[in-house]
Each structure stands twice: as C-alpha cells, then as structure tokens.
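Asks: Take a look at this one; I'll ask things after.
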Ligand SMILES: *Cc1c(COP(=O)(O)O)cnc(C)c1O
C-alpha cells in the first residue's frame with residue numbers, strides 16, 4: 001500500500017525527496033560536493049548564520065545545556081525563554097508574548113483556543129497549511145474566500161447566520177506567492193461585521209514595515225489588531241513560533257494551548273539565538289535595506305529574461321510554470337546549472353500553478369545574483385520556457 005501510494009505520486013510528478021546539504025544555509029551551500037547558489041531559504045536577513053546569533057546559541061548551550069528538560073510548566077521556565085518573550089514583546093510593542101516550539105504548533109493550538117464548534121472561520125484560499133489544520137482542529141465551520149478578495153469575504157460575512165462568533169484567518173505575507181494581505185480592508189471588514197482577525201506573519205516578521213515589525217506595521221494597522229502570530233524560523237533565523245497580545249490573552253493561551261502545555265520547551269540555544277537575532281534586526285537596519293536591493297535585482301533580472309513572475313511584493317519571487325512536471329524539469333535544470341530552488345507543486349499550491357519559488361537573502365552578493373540569473377536563463381532556454 002505504501003509502495004502503491006508512492007508510485008502514484010511519482011507518476012504524477014508529485015513525489016518528494018530530501019536533499020542533503022553539507023553546509024550552513026547561507027547564500028551558497030554544498031550539495032553533492034558542489035557549491036550551489038541557494039535561492040530557496042527563508043533566512044531572509046542571513047541571521048541563521050550571523051556570528052552574534054550563533055555565539056548566543058553556543059553561549060546558551062554552555063550555560064543551560066542542549067535540551068530544556070521538560071515542558072515549561074513542569075520544571076520551570078529557563079531564563080532564555082523568558083528573555084526571548086520579553087524581547088519580542090518590546091520589539092512588537094505589545095504587552096506580552098508566548099513562544100512555541102514551532103510555528104506549525106502555534107497555529108494548530110492557538111486557533112482552537114480562539115474559536116470552537118459554534119464558531120465560523122473565513123480563511124484566505126492561499127493560507128498556509130498549518131492555518132488550515134488549526135481551523136479544522138477547532139471544529140468551527142470553515143469556509144475559504146478567494147485570495148485577497150475582499151468582496152467575496154464581505155459577501156460571506158454578510159450572509160452568515162446571526163450570532164455566531166467569527167474569525168478571519170490570513171497570512172500577512174503569503175508564503176507561496178509573496179504578496180501581502182490587504183490588512184487595512186480586512187480590519188475594516190472585521191470591525192464592520194464584528195469578527196476577529198488572526199494573522200500569521202511568519203514571512204513578514206523582520207522584513208516588512210519601517211522597523212521590521214512585520215506586515216501589520218507595513219499596513220499601519222498595529223493598534224487595531226490586538227493579537228497575531230509569527231515564527232522565529234524565517235527572518236529571525238532560529239526556530240519556533242510566537243503569539244503577541246495582552247497579558248490576559250497570553251495567560252489564557254498559556255492555560256489553554258495543548259501544543260504549549262504538552263510539549264518540551266525548545267532548546268535554550270534556539271531561544272537565545274532568536275533573542276540575539278531580534279537585537280540584530282533592531283541594530284542593523286542596513287540588512288533589511290540590502291535584502292530589498294537584492295530583491296529588486298533578482299526580480300528585475302527574472303522579468304527581463306521573460307519569466308512569468310507572480311504578483312509578489314516581497315523577497316519571495318515565484319516563477320509560475322504550470323504543470324508539476326514542467327516545474328520539476330526546471331528545478332532539475334537549475335540544479336545542473338548550480339542554482340538550488342526547488343519546484344513547489346500541489347498540494348502546497350493550487351493545481352496548474354506549480355512553480356519555482358525563488359527567495360533571496362540580504363547575504364547574497366551582486367555577483368551571486370548575476371551568476372544565478374545566467375544559470376536561470378540557460379535552464380529556461382534549455383526547456384523552451386523563455
Ligand atoms: C513556515 C510557516 C509556518 C510554520 O512555521 P514553522 O516554525 O516552520 O513551524 C506557519 N505559517 C506560515 C505562513 C509559514 O510560512
């Protein structure tokens with residue numbers, strides 16, 4: 001049965017395999033002994049390998065050990081976790097925060113803490129899988145609205161049965177398309193129809209907004225959105241998820257979220273690394289500037305080559321090619337030319353929108369970007385895509 005399932009996936013060009021990288025996920029990586037330009041990590045600001053961040057992780061491991069010993073409510077919370085939460089709260093300008101071992105765990109436990117069977121959820125069609133799973137786990141009635149389509153969302157809100165608690169769920173910066181949720185309009189609709197909003201800012205955190213606080217800062221709605229979640233695993237360069245909000249809200253989550261209560265605290269190293277990374281984000285705004293400059297260079301290069309780019313507003317630059325086999329072939333040709341940017345296929349993205357999802361980081365040099373563009377051109381030509 002397992003074999004049959006795998007064969008079917010393979011026949012549909014949907015089989016997934018792991019590739020081992022024998023180096024840090026910097027702008028280049030070592031893959032099968034070759035140096036390859038990496039254009040697919042979410043390490044947008046290069047903080048996963050920043051010396052200050054790495055040193056903080058080493059120092060915390062020396063002092064507190066490799067593991068945390070137990071869940072945080074069981075054997076006490078280690079200082080690095082508490083420092084991370086107060087640093088995040090200060091950075092986000094919120095009363096309190098709670099961190100989780102992963103962004104995925106955050107979504108599947110916080111959404112069920114916000115809404116139950118008697119509730120209604122309206123989610124953007126391109127929401128991240130962890131949001132969808134969280135919505136399903138809540139037991140609430142769950143509907144999707146067309147991607148970023150506020151007219152559709154308003155219709156659903158207007159027609160809903162009276163008296164049901166309602167939650168609108170969206171990514172801040174969409175992970176597979178690189179576009180941004182219309183937060184101002186979402187907030188207006190939520191206010192007009194008495195709904196709450198749950199925003200997942202995994203990708204916006206650290207890179208969007210004047211000071212890097214994320215999508216809500218970028219869209220100027222921070223004061224109108226009382227809580228949101230994000231991850232420590234993308235621009236922040238470590239691992240984990242977080243929720244911001246009032247002290248009461250956070251205390252409620254601490255007492256409710258099963259994926260917080262019943263799982264071992266993340267390693268002290270990852271908490272200390274995340275704290276150091278937030279400090280670097282505050283102290284080195286030039287990294288964000290460099291990221292956006294690099295994003296422009298790559299986006300312009302891809303457009304000039306004649307590729308069809310999704311309507312991205314971010315360092316996520318998807319080139320849509322359609323069928324999964326075409327995306328697979330392009331990814332393979334890219335790798336042969338020394339660029340690693342894997343094909344993203346269903347079910348991660350809707351059918352017929354298989355793509356290469358390029359992402360760029362602040363650490364890529366102009367020379368690396370130009371070299372990558374030559375490789376992309378050769379790969380595209382060899383498959384008659386451009
Ligand atoms: C990556 C991601 C997550 C999951 O976060 P992890 O920390 O990797 O578990 C959740 N939501 C979105 C939008 C993401 O891109």
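The values are calculated or read from the model by the stated rules, or taken from the named source; none is laboratory data. Here the structure is a predicted model, which is why all the values come from computation and not from measurement. Neighbour counts run over all protein chains shown; Cβ positions are idealised from the backbone, glycine included.
Asks: Out of the residues in the stretch 166-190 that are assigned to a loop (DSSP other than H, G, I, E, B) and in contact with a strand residue (DSSP E or B) (Cβ under 8 Å, 6 or more places away or on another chain), which is nearest to the ligand (Cβ to nearest atom)?
Replies: Going through the qualifying residues, I end up with 175.
Asks: Right, here's the next one. Looking at 66, 56 in this structure, which one is out of contact with any strand residue (DSSP E or B) (no Cβ under 9 Å at 6 or more places or on another chain) and surrounded by fewer than 14 Cβ atoms within 10 Å (Cβ to Cβ)?
Replies: 66
Asks: Of the residues that make up the stretch 281-296, is at least one under 20 Å from residue 24 (Cα atoms) and in contact with a strand residue (DSSP E or B) (Cβ under 8 Å, 6 or more places away or on another chain)?
Replies: No: zero hits.
Asks: Restricting attention to the stretch 351-386, report how many residues are more than 17 Å from the chain's Cα centre (by Cα) and without any contact (Cβ under 8 Å) to a residue 60 or more places away in the chain.
Replies: Of the residues in the stretch 351-386, 12 are more than 17 Å from the chain's Cα centre (by Cα) and without any contact (Cβ under 8 Å) to a residue 60 or more places away in the chain.
Asks: Tell me, which helices (runs of 4 or more DSSP H) lie completely within the stretch 217-328 with 2 or more residues that are outside the structural domain of residue 113 (by TED's automatic domain parsing) and more than 21 Å from residue 46 (Cα to Cα)?
Replies: 285-305
Asks: Got at least one residue in the stretch 263-271 being surrounded by fewer than 20 Cβ atoms within 10 Å (Cβ to Cβ), at pLDDT 95 or above and farther than 20 Å from residue 202 by Cβ?
Replies: yes
Asks: Also, I was wondering about something else. Output the residues belonging to the stretch 84-113 that are more than 22 Å from residue 204 (Cα to Cα) and either free of Cβ contacts under 8 Å to residues at least 24 places away in the same chain or more than 16 Å from the ligand (Cβ to nearest atom) (or both).
Replies: 113
Asks: Where the second residue is more than 16 Å from the ligand (Cβ to nearest atom) and at pLDDT below 95 and the first is within 24 Å of residue 318 (Cβ to Cβ) and lies in the stretch 160-186, which pairs have Cβ atoms under 7 Å and are six or more apart or on separate chains?
Replies: Final answer for the pair search is 179/311.
Asks: Residues of the stretch 122-165 being assigned to a strand (DSSP E or B) and under 23 Å from residue 178 (Cα atoms), which ones?
Replies: If the condition is that a residue be assigned to a strand (DSSP E or B) and under 23 Å from residue 178 (Cα atoms), then 122, 123, 124, 143, 144, 145 are the ones that fit.
Asks: Further, regarding this structure: Of all residues in the stretch 191-203 being free of Cβ contacts under 8 Å to residues at least 40 places away in the same chain and buried (at least 20 other Cβ atoms within 10 Å of the Cβ), which is nearest to the ligand (Cβ to nearest atom)?
Replies: Across the stretch 191-203, the extreme among qualifying residues is 201.
Asks: To continue, here is another question. Give just the number: which of (1) within 16 Å of the ligand (Cβ to nearest atom); (2) in a loop (DSSP other than H, G, I, E, B) does residue 118 not satisfy?
Replies: (1)
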